[in-house]
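Peer 1: Just passing along the structure, written as structure tokens.
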Amino acid sequence: MADRFPPDIDMETPSIARMYDYLLGGKDNFEADRKACEVLAAGTPELVSFANDNRAYLSRAVEYVAAQGVEQFLDLGAGLPTANNTHHAAQRANPRARVVYVDHDPIVLAHGRALINDSAETAFLLADIRETDRVLGAPETRRLIDTDLPVCVMLVSLLHCLPDQDDPFGMVHRLTERLAPGSCVIFSHIVSDDPASGAWMTDQILSFGTPWGRVRSPEEASAVFRGLELASPWTDGREDGGPRAVDCASWRHPDVPPRFRPEDPGVKLWELSGVAFKR
Ligand SMILES: C[S@@+](CC[C@H](N)C(=O)[O-])C[C@H]1O[C@@H](n2cnc3c(N)ncnc32)[C@H](O)[C@@H]1O
């Protein structure tokens, strides 16, 4: 398999993109990634299901946003291509939808190139999302995204990869301030209401030598929605005063009513999710 990867890839240190690929049942990962996932899953058995729930949430959220008339998607921390990518979901709702995928992992670029071949309305950018000016000013972005029109910024299972010193939520606010009204964020973040469980996962990932941020509390992660208007998490858009940022498995799911956290009290980690618009 190594011949399918660029030569400068570090195969010994687990990478978040490759670990996530493994959790989703993909083949673009190495032994170090698989071992790291096994260590995490031993302490957090819900890991595989919440990775898959997160990916399904991404598709539902993208289809919803595209159906609201947003045609431009900036998929930050896009990850390795998988079965149902952002442009597939967006173009199902609106064939004119355009997507710029951004990730800092060179493996994602190598596989992303194959992905973009199947659509002229997509581009792939190898960049660190902390370099906002570089992301917005790159030729790939300027070709497909007009910041005078609404843009959907995707932050799906991403900001927990950034430590507090990078000010991830401040970075998002500065980015959304530059976007037109009608823009939105699609967000999910690994959270825990049990500090020990969150700290365990954070410590494990950092012990692999993998650059990472931390599991945050739901309240900390909700900072991303400051100044934005959260969309209803119900499939029929009802306004019933319940939680708006919810467990990803329940966001606009046809069979699961929105819930703030997983029902099973034994499950300590989940992806807090929501879609919010700039008005
Ligand atoms: C858990 S994956 C999520 C993939 C996809 N967004 C999803 O939810 O299906 C996180 C991705 O963010 C990328 N990432 C982490 N930090 C990043 C950074 N500073 N700049 C760009 N990409 C980053 C990783 O390489 C990885 O592919």
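The values are calculated or read from the model by the stated rules, or taken from the named source; none is laboratory data. These numbers come from a predicted model, not from an experiment. Reconstructed Cβ throughout: ideal geometry from the backbone, glycine too, with neighbour counts over all protein chains shown. Only protein heavy atoms, including side chains, enter the accessible area calculation; ligands, DNA and RNA are left aside. Shrake-Rupley method; radii C 1.70, N 1.55, O 1.52, S 1.80 Å.
Peer 1: So, of the residues in segment 162-185 that are assigned to a helix (DSSP H, G or I) and away from the ligand (no atom under 16 Å from the Cβ), which turns out to be most open to solvent (accessible area, probe 1.4 Å)?
Peer 2: Checking each candidate, the answer is E177.
Peer 1: Considering segment 105-138 alone, what residues qualify as being among the acidic types (D, E) and within 13 Å of the ligand (Cβ to nearest atom)?
Peer 2: D105, D128, E131
Peer 1: Next question, about the same structure. Inspect segment 238-257 for any residue being more than 18 Å from Y57 (Cα to Cα), without any contact (Cβ under 8 Å) to a residue 60 or more places away in the chain and open to solvent by less than 30 Å² (accessible area, probe 1.4 Å) and give the result as yes or no.
Peer 2: Taking every residue of segment 238-257 in turn, at least one turns out to be more than 18 Å from Y57 (Cα to Cα), without any contact (Cβ under 8 Å) to a residue 60 or more places away in the chain and open to solvent by less than 30 Å² (accessible area, probe 1.4 Å).
Peer 1: Something else about it: If I filter segment 212-233 down to residues being touching a residue at least 60 places away in the same chain (Cβ under 8 Å) and not small (G, A, S), which single residue comes out as farthest from P195 (Cα to Cα)? Can you show your working first?
Peer 2: The initial filter retains those residues of segment 212-233 that are touching a residue at least 60 places away in the same chain (Cβ under 8 Å), namely 212, 221, 224, 231.
Now drop any that are not not small (G, A, S), which leaves 212, 224.
On the way: W212: 17, V224: 20 Å.
Top of the filtered list is V224.
Peer 1: Pick out the one residue from V153, V102 that is more than 10 Å from the ligand (Cβ to nearest atom), touching a Phe, Trp or Tyr at 6+ places or on another chain (Cβ under 9 Å), at pLDDT 95 or above and not acidic (D, E). Steps first, answer last, please.
Peer 2: Working: V102 fails: more than 10 Å from the ligand (Cβ to nearest atom).
Every option except V153 fails the conditions.
Peer 1: Right, something else. Can you tell me which of (1) buried (at least 22 other Cβ atoms within 10 Å of the Cβ); (2) closer than 25 Å to P6 by Cα; (3) touching a residue at least 60 places away in the same chain (Cβ under 8 Å) is the one T122 doesn't meet?
Peer 2: It is condition (3) that T122 fails.
Peer 1: Could I ask something else about it? Going through L80, L144 one at a time, which residue ends up being away from the ligand (no atom under 16 Å from the Cβ), touching a residue at least 60 places away in the same chain (Cβ under 8 Å) and not small (G, A, S)?
Peer 2: Answer to the check: L144.
Peer 1: Related question: Can V39 be described as more than 11 Å from the ligand (Cβ to nearest atom), within 30 Å of E229 (Cα to Cα) and either β-branched (V, I, T) or touching a Cys at 6+ places or on another chain (Cβ under 6 Å) (or both)?
Peer 2: On the way: more than 11 Å from the ligand (Cβ to nearest atom): yes; within 30 Å of E229 (Cα to Cα): no; either β-branched (V, I, T) or touching a Cys at 6+ places or on another chain (Cβ under 6 Å) (or both): yes.
Criteria not met by V39.
Peer 1: So, one more: Looking at segment 84-99, can you tell me whether even one residue there is closer than 30 Å to G266 by Cβ, within 11 Å of the ligand (Cβ to nearest atom), at pLDDT below 95 and open to solvent by 20 Å² or more (accessible area, probe 1.4 Å)?
Peer 2: yes
Peer 1: Answer yes or no: is there a residue in segment 211-227 that is buried (at least 18 other Cβ atoms within 10 Å of the Cβ) and more than 25 Å from H173 (Cα to Cα).
Peer 2: no
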